[in-house]
1. Under a cut-off of 12 Å between alpha-carbon atoms, report the aspartates and glutamates in cross-link reach of Lys289, not counting same-chain residues fewer than 8 places apart.
2. What aspartates and glutamates sit close enough to Lys287 to cross-link, taking a C-alpha to C-alpha distance under 15 Å and skipping anything fewer than 8 places away on the same chain?
3. Subtracting the Cα-Cα distance from 0.36 nm times the residue separation, let me have the gained length for Tyr207 to Ser129 in nm, one decimal.
4. Starting from the 7 Å offset along Cα-to-Cβ, what nm value, one decimal, do you get for the label separation of Asn224 and Asn12?
5. Could you pull out the pairs from Lys14/Lys88; Lys37/Lys302; Lys124/Lys206; Lys232/Lys264 whose alpha carbons sit more than 19 Å apart here?
6. Give the aspartates and glutamates reachable from Lys139 as a straight Cα distance under 18 Å; neighbours fewer than 8 places away on the same chain don't count.
7. Can you tell me how the stretch 8-161 classifies by the Cα gyration tensor, rounded, prolate or oblate, using a/c under 1.5 as the rounded cut?
8. Can you give me the relative contact order of the chain as a percent, contacts being Cα pairs under 8 Å and 6 or more apart?
Amino acid sequence: MDMPRENLYLKNRKVLKVSGLSCVSFLNNILTSDISKLIPLETIPSALLSPQGRVLYDILVSLDFSNKSKQNSILIEHDLFCEADLIKKLNMYNLRKEVKIEKTNYNVFVTMKLKGVKNSLKDKRFLNSNIQINRIYKKNKSVNYINKSGSSNWYDLIRYKNCIPEGIKEIEMNTTLPLEINLDLLGGISFDKGCFIGQEVNARIKYKGLVKKKYAPIHFTNNNLSLPDLNKSNNRIFLKKQEIGEVITLSLNEEDNIWYGLAKIKLSQLYLFEENIKLECDFSGSKIKINFPNYMLPLPRKIKTS
């Protein structure tokens, strides 16, 4: 894929601000990542889980670059469509009302142009790839260096190739485990900082190797396929007539006419693709290939007990 020629406005992303003297400790007690280790001008993945350890909201967390006071202030980028529920959930945990949770009027942009952009945030999810994506939070959508009107899908294509799902359309709420979406491998979970909501469940799954499914990047060629409305009847993936998983999302790269996407596949079957890079599976009349990004390998194994 050619390098993108434009910056991109993400209309489905918004930003909250959490401020107050205890905002870092407040967020550290409920989110998966270690907020105390944030450094300026970077954003890290994180999530708010259910007590059962499932992802409720996947988010990106950063220090508030606009904060000129001594008071702590954290920015939380999130899916626009879950904003009201996320605010409600954060306020539910804010029992002593020691922090302030508020909407911002920031618009979210992504860019690969790293020069001449003030206060851009390095997206640390891409550190394991050979590219760098920066995020820009701007109050004014009409800034002259942003092309927000283009229909480019370069950002999705890069995410899919690097197996980085994002938002409620790609991560089913209150169903998906953070280890299934590789949040631990992307630096979005700290098992060293102490307890957080859902920590006990996921620590047991991680250290005993109990994860059963994993997101994986897929690609295939199909000239006759229009973007399907994926559902339980048409998203299934097969290997030698055995159902092994499901397609989560797809995007067409029109430059090479190849479909790229994400799939959730049984880990027991993914081992076969790890061992044989030429192996293919079937989806909607197409032969699918899986190319694991390096950070995913080797795939986790269940711990054998005597």
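1. Filter leaves Glu274, Glu280.
2. The reachable aspartates and glutamates, counting only those whose Cα sits under 15 Å from Lys287, are Glu243, Glu246.
3. Values: separation 78, 0.36 × 78 = 28.08 nm, distance 2.57 nm.
Full extension of this stretch gives 25.5 nm more.
4. With each label placed 7 Å out from Cα toward Cβ, I get 2.8 nm.
5. Values: Lys14/Lys88 16 Å; Lys37/Lys302 30 Å; Lys124/Lys206 22 Å; Lys232/Lys264 13 Å.
Flagged as over cut-off: Lys37/Lys302; Lys124/Lys206.
6. Partners within reach: Asp64, Glu77, Asp79, Glu83, Glu102.
7. Values: a/c = 1.69, a/b = 1.48, b/c = 1.14.
Prolate.
8. 20
Bear in mind these aren't lab numbers, they're just calculated from the coordinates by the rules spelled out. No experiment lies behind these values; they were computed from the predicted model shown. Don't worry about glycine lacking a Cβ; one is built from the backbone with ideal geometry, like all the others, and counts go over all protein chains shown.
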